[in-house]
1. Name the single residue, out of those in segment 5-27 being more than 15 Å from TYR47 (Cα to Cα) and out of contact with any His (no Cβ under 7 Å at 6 or more places or on another chain), that is surrounded by the most Cβ atoms within 10 Å (Cβ to Cβ).
2. May I ask you to list the residues in segment 1-17 that are modelled with pLDDT of 85 or more, more than 12 Å from the chain's Cα centre (by Cα) and over 15 Å from MET105 (Cβ atoms)?
3. What pairs can you find where one residue is in segment 68-86 and β-branched (Val, Ile, Thr), the other is assigned to a helix (DSSP H, G or I), and their Cβ atoms are less than 7 Å apart, with a gap of 6+ or different chains?
4. Kindly list the number of the only condition in (1) out of contact with any helix residue (DSSP H, G or I) (no Cβ under 7 Å at 6 or more places or on another chain); (2) touching a residue at least 12 places away in the same chain (Cβ under 8 Å) that fails for LEU46.
5. What are the residues in segment 89-110 that are without any contact (Cβ under 8 Å) to a residue 12 or more places away in the chain, loosely packed, with under 12 Cβ neighbours inside 10 Å and either in contact with a Leu (Cβ under 7 Å, 6 or more places away or on another chain) or not in a helix (DSSP H, G or I) (or both), if any?
6. Is it the case, given these coordinates, that TYR47 is farther than 26 Å from GLY103 by Cα, assigned to a helix (DSSP H, G or I) and either modelled with pLDDT of 95 or more or not basic (Lys, Arg) (or both)?
7. How many residues does segment 64-88 contain that are in a helix (DSSP H, G or I), surrounded by fewer than 11 Cβ atoms within 10 Å (Cβ to Cβ) and not β-branched (Val, Ile, Thr)?
8. Out of segment 50-60, which residues are crowded, with 16+ Cβ neighbours inside 10 Å, more than 13 Å from the chain's Cα centre (by Cα) and assigned to a helix (DSSP H, G or I)?
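The values are calculated or read from the model by the stated rules, or taken from the named source; none is laboratory data. Remember, it's a predicted structure, so these values are computed and weren't measured experimentally. Cβ sites come from the backbone with ideal geometry, for glycine too, and all protein chains shown count toward neighbours.
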Amino acid sequence: MFNTLTGLALTLLTSLIIILADWSIKLAADGDATLTSRPMLAGYLLYGLSAVLWFFTMRHVPLGQAAVCYSMFSLIGLFVTGVVIFGESADWRDYSGLGLALGAMVLMVR
């Protein structure tokens, strides 16, 4: 059980880092920044850090479980970021998708 909780915590942390990387890259893209701008460089570094964390995640949980949890955590985080920070719209399909993704995560985590 401890390994599973550790793996889930690392998966969540990896997802949060990816969300920060995506946010940084979105800021660069919206601001017509270059590929060597500060927001893009921050995105590159954060993606690299997430790869290192993903390595340690794989030591604690099977790939299938980690992938479903990572997808769920990322989906929720990026959805909230898009709606709250970037003012993107959401409808019933978006909320239904979140519910189905949560259901998949519950089914996959043993």
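1. Here the answer is LEU8.
2. THR6
3. Final answer for the pair search is VAL68/ALA104; VAL68/MET105; VAL68/MET108; ILE76/LEU98; THR81/ILE19; THR81/TRP23.
4. Every condition holds for LEU46 apart from (1).
5. Once the filter is applied, which keeps residues that are without any contact (Cβ under 8 Å) to a residue 12 or more places away in the chain, loosely packed, with under 12 Cβ neighbours inside 10 Å and either in contact with a Leu (Cβ under 7 Å, 6 or more places away or on another chain) or not in a helix (DSSP H, G or I) (or both), segment 89-110 yields SER89, ASP91.
6. Values: farther than 26 Å from GLY103 by Cα: yes; assigned to a helix (DSSP H, G or I): yes; either modelled with pLDDT of 95 or more or not basic (Lys, Arg) (or both): yes.
It is true that TYR47 is farther than 26 Å from GLY103 by Cα, assigned to a helix (DSSP H, G or I) and either modelled with pLDDT of 95 or more or not basic (Lys, Arg) (or both).
7. Of segment 64-88, the ones in a helix (DSSP H, G or I) are 64-85.
Narrowing further to those that are surrounded by fewer than 11 Cβ atoms within 10 Å (Cβ to Cβ): 64, 84.
Now narrow it down to the ones that are not β-branched (Val, Ile, Thr): 64.
Looking only at that region, the number is 1.
8. Pass one, segment 50-60, residues crowded, with 16+ Cβ neighbours inside 10 Å: 50, 53-54, 57, 60.
When the remaining residues are screened for being more than 13 Å from the chain's Cα centre (by Cα), the result is 57, 60.
Listed by number, the list holds a single entry, THR57.
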